[in-house]
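First up is the structure itself, then whatever we jot down about it.
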Amino acid sequence: MLLLDTIVAPATPPGEGGIGIVRVSGPRAGDLLAAVYRGKLAPAEMASHHLYHGHLLNRDHQRVDEVLAVLMRAPRSYTGEDVVEVHCHGGVQILRCVLDLFLDAGARMAEPGEFTQRAFLNGRLDLAQAEAVIEVIRARSDRASRVALNQLEGQLSQQIHRFSEQIKEALALLEAHIDFPDDEVGTLALDDLAAPLQLLAEDMSALAGSFDVGRALREGISVLILGRPNVGKSSLMNAILGEPRAIVTEFAGTTRDTLEEQLVLAGFPVRLVDAAGVRDTDDPIESEGVQRARDKAAAADLVLLVVDGSAPLTDEDELALQLCHAGKTLLVINKSDQAQACDLSRLTTFSQQVAVSAKYGLGLTELRAAIVDHLGKDTALAGSEGVVITERRHRDALLRAVTSLEAFLRATTGPVHLEFLALELREALTALGLVTGETTPDEILEQIFSRFCIGK
Ligand code: GDP
């Protein structure tokens, strides 16, 4: 594909910063730099991938900024085209002026994700790698960024290629039998073909299954703190976060609005939400809060149901209990520093229980461990650093490929038409190609790149 125009965009976010970078890509990148830059060397004489000091000048030859400029010649650049990056001062006005200089000189403003799209179209990155670029930028935990970086470096793509290669081998054998039919050899060969493809289908299903973990890494996990007023929810939130953020008071019903904070547990980004106190009340604000708590309990990945261990259970506690689904609830018995007066026999539906004192920081290690344990169980990972699927699109493509392989395997057990078998294998290959972009339709590509930010 020929991309004739030269595009420009700021590569750093808007606002003030030590430096701001404007990126230019396309066949005229060097010429456009020559039009606006004055330094010891003209761009035509610059060594590729070296920084040069100079000034940007406007049409009236007035200095716009003092800069460092780098020219990265094709094909050794991010996009695979000639790329210029100008490091200027990181001010809103300066960046706007520098951008205008390049636009006046003949560049076009880049669309969101267009640099990465060009990298894809020029074969610098495949689609799974291009999608990983945005994951690296948006990662909210160490582990999430490692998984994204692995994908950017091609680990998922290599895995997909290994799958494809195996299918292609089987297809080649099959096609040989179609072209040169020999019944006896054909029947024998089918068993030989089926066994490895059976294993392959299992590997592909397992990879698709890693999406549970991938999604948790990417989107984070929502943990809701729920309980009647005054059991110590705000205190617990502060204790888990390690600093006071929610308002703690002696009076019941102060946390009317839900509070949300982010933290990282076992490498998973976690959204910790303090729901409004659950209580049957005529107070319109509070009952709205109860309704919201009900909705949030349904939507949360995990609910920390807090009860006050130093007091008997009340009707309000019962109301909170009713909002919780036992399978995704961790019972937190708070105020363990005081004499215990709560009848725990009524709470046996909740198999996971932890006693804590939010106020004095007791039992928090156990609580964190119990949360992590719950996450690990639900997401079927805890230590894997291998390839993890983070895109629903990738998972769906893998499952499509598995479906085709299964149809192939079923067909090999009965009377069989070799053409049909070959068709199923080709379908599986097409589905795998959706991950790396080889078979992805243009409109889907457009959609994927439009999710990127300007300048990426
Ligand atoms: P919320 O309404 O559920 O958010 O409860 P708060 O966090 O506002 O706490 C209500 C009251 O319980 C405050 O006076 C807290 O100091 C007290 N409290 C919270 N946790 C503990 C605890 O572990 N032990 C004791 N003794 N008091 C606590």
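The values are calculated or read from the model by the stated rules, or taken from the named source; none is laboratory data. Bear in mind the structure is a predicted one, so any value in this text is a computation, not a measurement. Methodologically, a virtual Cβ is constructed for each residue, glycine included, from the backbone with ideal geometry; neighbour enumeration extends over all protein chains shown. Surface areas here come from the heavy atoms of the whole protein model, side chains and all, with no ligands, DNA or RNA. Shrake-Rupley method; radii C 1.70, N 1.55, O 1.52, S 1.80 Å.
Worth a mention:
- Solvent exposure ordering (accessible area, 1.4 Å, most first) of Lys359, Lys168, Lys233: Lys359, Lys168, Lys233
- Note on Phe180: accessible area approximately 150 square angstrom, rounded to 10, probe 1.4 Å, nucleic acids and ligands left out.
- Placing R0 at 51 angstrom, the Cβ-Cβ distance between Leu4 and Asn150 gives a FRET efficiency of 0.90 after rounding to 0.05.
- Accessible area of the chain belonging to carbon and sulfur atoms, whole % at 1.4 Å probe: 53 percent
- In terms of accessible area, using a 1.4 Å probe and ignoring ligands and nucleic acids, Asp442, Asp343 rank largest first as Asp442, Asp343.
- Heavy-atom SASA rank of Asp274, Asp295 (probe 1.4 Å, accessible area, largest first): Asp295, Asp274
- Counting only heavy atoms of the protein chains and using a 1.4 Å probe, Tyr37 has close to 10 Å² of accessible surface.
- Residues whose placed amide H lies under 5 Å from that of Val264, excluding near-sequence neighbours: Val270
- HN-Hα J in Hz across the range 340-353 - Karplus 6.51, -1.76, 1.60, θ = phi - 60°, x for Gly and Pro: 8, 9, 8, 7, 6, 5, 7, 10, 5, 4, 9, 6, 8, 9
- When you restrict to C-alpha pairs under 8 Å that are six or more residues apart and normalise by the size of the chain, the relative contact order lands at 16 percent.
- Neighbour count of at most 11 Cβ within 10 Å plus DSSP loop: longest GluC sites (Glu not before Pro)-free window in the chain: 17-249
- Column: log10 I(q)/I(0), Debye, Cα scatterers of the chain, q = 0.07, 0.09, 0.12, 0.13 Å⁻¹: -0.57, -0.83, -1.02, -1.06
- Accessible area of the chain divided out per residue, in Å², using a probe of 1.4 angstrom: 48 Å²
- Trypsin sites (Lys or Arg not before Pro) lying in DSSP loop within the range 72-125, provided at most 12 other Cβ fall within 10 Å: Arg76
- Segment Asn58..Ile178, full-extension length gain: 36.4 nm, with 0.36 nm per residue of separation and the alpha-carbon distance subtracted.
- Exceeding the 29 Å Cα-Cα cut-off - candidates Lys168/Lys456; Lys328/Lys456; Lys296/Lys359: Lys168/Lys456; Lys328/Lys456
- Heavy atoms of Asp142 accessible to a 1.4 Å probe, total area in Å² rounded to 10: 110 Å²
- Residue-wise HN-Hα coupling along the range 89-98, computed from phi with Karplus coefficients 6.51, -1.76, 1.60 (Hz; x: Gly, Pro): 6, x, x, 4, 5, 4, 4, 5, 5, 5
- Taking 7 Å steps out from each Cα toward its Cβ at Ala195 and Ser222 produces label points 4.9 nm apart.
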